[in-house]
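For reference, the structure is listed below as structure tokens.
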Amino acid sequence: MSTPVADAPGPAAEGSEAQTPAEPAAAEESQPQSAYDARRDLFRGIPDAMRGGVGGGVFGGVNHGISGGTFHGGVTVNHLMVGGAAHTSGEVPKAEVTRLDRVFVEDGSNFQDLLEQLLKQRVLVLTGPRFTGRRTAALLLLRRLGTAYVHSLDRSTSPEDLAERLGAGEARGYVLCDPITTRSRPLRETHLLAARDKLDDDSFLVITAGPHTHLEGISGRPWQPPGTAAVLRSSLRAQVDDEAELRRLLALPAVTDFLGGHHQLREAARFAEVLGRHSLHGSDASEIETFSQGALEQQIQEWFEDADGTLHLREKAFLVALAAFHKGPYALTAELSDLLFGLLQRTEDPALPPAVPVFGTNPAKRLQLARAVRYPKEEQTEWGPVTQSIAAFQDDRLAAVLLREVWTGHPSARPALVGWLRLLAADGRSFVRTRAASTVAVLALHDLPSAMALVIEEWALSDRPWLRIGAVNALALAHIVGTPNIPRIIDRWCADEDAHARLRWAAIRVHGLIGEERPVETVEALRVAARRDGNDEAMLVELAQAVELLLLSDARDEVLAELLRTRDDDRAAVDLAIDGFLRACRHTEDDEPYGRPLVLDWYAGTATERPRSARGIAELWRAALGRLQNQDALDLLHDWVVAADRDDGAEWALAALLPALVTGADERDRLLHLLRFGGHGVVPAAAERLLTVLPTH
């Protein structure tokens, strides 16, 4: 039996140990989904940003920021003193504490409560996520209590040695930021008691504890930071004296967007510096406008460079999975992130098997580190609507920017990422397969040659239908998000007689998904393929399915006109038009059995507004009914009569269409027989009413 990791391609798979069994390949359908069903699954699961096409923002336009790990776009990076990284041991300069005090904001925080607690206990453990101002709060708590000096302890100080690092004498304050602890060597209450005994009455100790700090017997006091807007205003006020100028800066659209972006306090402080420089020196406004995006890119860079190893490889895998499954179920994201972690671990250290703790992972802390949230939401699935616990980045832009950075800035991760995406594309869950395709689309946007060579062409040539559909979806979505050259690629695959049949198959499928943008060229390409592959029944079915999708698209009127333009050219063109048309006629609103047919609804809307399309629909119906083998068309028209029996609107539309299907006695007799005798002995009541609209001679 295969395993998820062993199934992934690449040299890292050699000698791998079996882990969790994967879905066996034999369980996959031998035939691919129909083009219509595949499109339905695709649009049910794609990220919101890809719905309806994207012309700017996250995917389109100029992408300032990281490209291959380098900053572009004039983003200025300033080091913040708000909840920063590790600090070595030594006295904190008084000037630094004074500066922090000048911009510190208590409003909205629990600073006063913490001050009372510290005064009473003399030792305080301040808990909370990184970059929320915990260190600033700790320093100012000590300042407000009148300590003459504030001594910063090295975070490598072991819990057992903590008390020994505390001195006696003049009122002193000590701060220990995010001490390095482990599960086997946590910070315990006994360590705090020993520290309290070492302190005199006028000395105090504040320890900040982050999500990775291991505590035992200590609950800590959570830090409730002030709001981002308050920190931005306070930091800016320290640089801009004029109240009118302050209001002008805070009213800038870029500032409004920034405050709506769930930014960290350190980013607010840095943004205030940018605004202050702009006010003082009249610097380029583009720095203000691109700051928010640049801050997100810096965060992503910190996550994945992570020189001090604060973020475990498993959490980095979770970040990538969250980017791929943004606004997807948390449990699914966590499950598949561990699969990626195994592949990444094999790349990083093949001798070390990936160890995934079955229990003990705290979802809240994990999401907090990822700047993400979890919330319940009803989702549409193939099993109907269900309520799921959704995980999403607080800022929608993070997902696409993170995928770009991992793909272009960390190429060593590519083998694991490619293997992971291949496993996802062959997963038994349609949502997982769709998100694999949407992820590849983002990768293709930023490095199309690599995405084509490593992923898309490999999938398109696979003998596994789900992988081939994954290639189709990835190409279509890559086009939607603005990747250049996709139409050129599928045109070449479709027209090249030497191209592998599976590449032609994929190209035809993509034509059906994106062909509405250039309906004339797409229909012509499908016609050429139909003439070439006239003896390949499977390929003819695919071509008809592409026409089916195009006739159900927003470009249906243009597609119909182009199909009819060559109706007399040759049998291949005629059959392509009729077969695709009949397939489109099968579909109803919301895919409900005997719901209102979509093409009939189209006809009702065109009868007065677009008579040319109405005539075209009638013409294709007459051609389908007039073929020697017309039973499929007769059965389909009977289904429309049944739908009319259940829907007054459908009955009115069909009553308008039927007379247009009669141009001679044979056509009239055929319809009279259908309405009088029904299909398979079933005669709906509406049939008798519809008889009255047929010509009598």
- List pairs: first in the stretch 325-344 and aromatic (Phe, Trp, Tyr), second at pLDDT below 95 and part of a loop (DSSP other than H, G, I, E, B), Cβ under 8 Å, 6+ apart or cross-chain? PHE341/PRO354; PHE341/VAL356
- Message: Could you go through the stretch 243-250 and let me know if any residue there is of a type outside the set (A, V, I, L, M), over 32 Å from the mean Cα position of the chain (by Cα) and crowded, with 21+ Cβ neighbours inside 10 Å.
- Response: no
- Note on the structure: Of (1) under 23 Å from GLU305 (Cβ atoms); (2) part of a helix (DSSP H, G or I), ASP395 fails just (2)
- Task: Starting from the stretch 354-367, take each residue that is under 16 Å from LEU311 (Cβ atoms) and list its partners that are exposed (fewer than 14 other Cβ atoms within 10 Å of the Cβ) and β-branched (Val, Ile, Thr), counting only C-beta distances under 7 angstrom and pairs at least six apart or across chains.
- Result: none
- In the stretch 657-668, what residues are exposed (fewer than 12 other Cβ atoms within 10 Å of the Cβ) and part of a helix (DSSP H, G or I)? ALA665, ASP666
- Message: Tell me whether the stretch 559-573 contains one or more residues that are in a loop (DSSP other than H, G, I, E, B), among the hydrophobic types (A, V, I, L, M, F, W, C) and out of contact with any His (no Cβ under 9 Å at 6 or more places or on another chain).
- Response: no
- Does ARG556 satisfy being modelled with pLDDT of 95 or more and either in contact with a Ser or Thr (Cβ under 9 Å, 6 or more places away or on another chain) or basic (Lys, Arg) (or both)? yes
- In the stretch 339-371, anything under 22 Å from HIS214 (Cα atoms) and either surrounded by 13 or more Cβ atoms within 10 Å (Cβ to Cβ) or of a type in the set (D, E, K, R) (or both) is listed as PRO354, VAL356, THR361, PRO363, LYS365, ARG366, LEU367, GLN368, LEU369, ALA370, ARG371
- List every residue pair whose Cβ atoms sit under 7 Å apart, with the two residues 6 or more apart in sequence or on different chains, where the first one lies in the stretch 405-434 and is over 17 Å from ARG468 (Cβ atoms) and of a type in the set (D, E, K, R) and the second, anywhere, is modelled with pLDDT of 95 or more and in a helix (DSSP H, G or I). ARG414/LEU454
- If you scan the stretch 585-603, which residues turn out to be under 17 Å from ALA660 (Cβ atoms) and crowded, with 18+ Cβ neighbours inside 10 Å? CYS585, PRO597, VAL599, LEU600, TRP602, TYR603
- Condition test on ARG433, is it within 18 Å of ASP37 (Cβ to Cβ) and out of contact with any Phe, Trp or Tyr (no Cβ under 9 Å at 6 or more places or on another chain)? no
- Where in the stretch 214-264 are the helices (runs of 4 or more DSSP H), entirely inside, with at least 1 residues that are within 20 Å of LEU114 (Cβ to Cβ), hydrophobic (A, V, I, L, M, F, W, C) and at pLDDT 90 or above? 228-237
- Query: Restricting the search to the stretch 667-697, which residues are among the acidic types (Asp, Glu) and more than 18 Å from ASP632 (Cα to Cα)?
  - Reply: GLU688
- Just a yes or no: is a residue in the stretch 280-287 aliphatic (A, V, I, L, M), in a loop (DSSP other than H, G, I, E, B) and not assigned by TED's automatic domain parsing to the domain that holds GLY210? yes
- Message: What's the total number of residues in the stretch 511-539 that are surrounded by 15 or more Cβ atoms within 10 Å (Cβ to Cβ) and not in a helix (DSSP H, G or I)?
- Response: 4
- Residue pairs qualifying under the 8 Å Cβ cut-off, at least six apart or on distinct chains, with the first in the stretch 96-114 being farther than 19 Å from THR127 by Cα and not assigned by TED's automatic domain parsing to the domain that holds LEU236 and the second being surrounded by fewer than 20 Cβ atoms within 10 Å (Cβ to Cβ) and among the hydroxyl-bearing types (Ser, Thr, Tyr), are VAL103/SER234
- Item | Filter pass, GLU651 being over 23 Å from GLU592 (Cα atoms) and part of a helix (DSSP H, G or I) | no
- Item | Meets criteria (among the hydroxyl-bearing types (Ser, Thr, Tyr) and buried (at least 17 other Cβ atoms within 10 Å of the Cβ)) for THR228 | yes
- Message: Just to be sure before I move on: is ALA572 within 19 Å of ALA643 (Cα to Cα), more than 33 Å from the chain's Cα centre (by Cα) and crowded, with 17+ Cβ neighbours inside 10 Å in the structure I sent?
- Response: no
- Message: It is to be established whether one or more residues within the stretch 626-643 are polar (S, T, N, Q), closer than 21 Å to LEU563 by Cα and assigned to a loop (DSSP other than H, G, I, E, B).
- Response: yes
- Task: Starting from residues that are out of contact with any Phe, Trp or Tyr (no Cβ under 9 Å at 6 or more places or on another chain) and not in a loop (DSSP other than H, G, I, E, B), keep the ones in the stretch 196-211 and report whichever is surrounded by the fewest Cβ atoms within 10 Å (Cβ to Cβ).
- Result: ASP197
- In the stretch 460-510, residue modelled with the lowest pLDDT [restricted to those that are of a type in the set (D, E, K, R) and part of a loop (DSSP other than H, G, I, E, B)]: GLU497
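Residues are listed down the side, and each one gets a yes or a no for (1) of a type in the set (Val, Ile, Thr); (2) not in a helix (DSSP H, G or I):
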site	(1), (2)
PRO350	no, yes
VAL356	yes, yes
THR361	yes, yes
ARG366	no, no
GLU379	no, yes
VAL386	yes, yes
SER389	no, yes
- Among the residues of the stretch 121-131, is there at least one that is of a type in the set (A, V, I, L, M), farther than 21 Å from HIS214 by Cβ, touching a residue at least 24 places away in the same chain (Cβ under 8 Å) and not in a loop (DSSP other than H, G, I, E, B)? no
- Item | Members of the stretch 141-179 that are in a loop (DSSP other than H, G, I, E, B) and surrounded by 18 or more Cβ atoms within 10 Å (Cβ to Cβ) | THR147, ARG155, LEU162, LEU166, ASP178, PRO179
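Yes or no, residue by residue, for (1) touching a Leu at 6+ places or on another chain (Cβ under 6 Å); (2) among the acidic types (Asp, Glu):
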residue	(1), (2)
ASN535	no, no
ALA546	yes, no
ARG565	no, no
ALA573	no, no
ASP579	no, yes
ALA584	yes, no
PRO593	no, no
SER613	yes, no
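A quick yes/no check of all residues on (1) surrounded by fewer than 22 Cβ atoms within 10 Å (Cβ to Cβ); (2) among the aliphatic types (A, V, I, L, M); (3) farther than 23 Å from VAL541 by Cα:
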| position | (1), (2), (3) |
| --- | --- |
| ARG583 | no, no, no |
| TRP621 | no, no, no |
| ARG627 | yes, no, no |
| ALA655 | yes, yes, yes |
| PHE677 | yes, no, yes |
- Take the residues in the stretch 147-195 that are under 30 Å from THR98 (Cα atoms) and of a type in the set (Lys, Arg), then tell me which one is farthest from the chain's Cα centre (by Cα). ARG172
- Of VAL320, VAL373, the only residue that is closer than 18 Å to LEU296 by Cα, among the β-branched types (Val, Ile, Thr) and assigned to a helix (DSSP H, G or I) is VAL320
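The values are calculated or read from the model by the stated rules, or taken from the named source; none is laboratory data. Bear in mind the structure is a predicted one, so any value in this text is a computation, not a measurement. For neighbour counting, all protein chains shown are included, and Cβ atoms are generated from backbone atoms with ideal geometry for every residue, glycine included.
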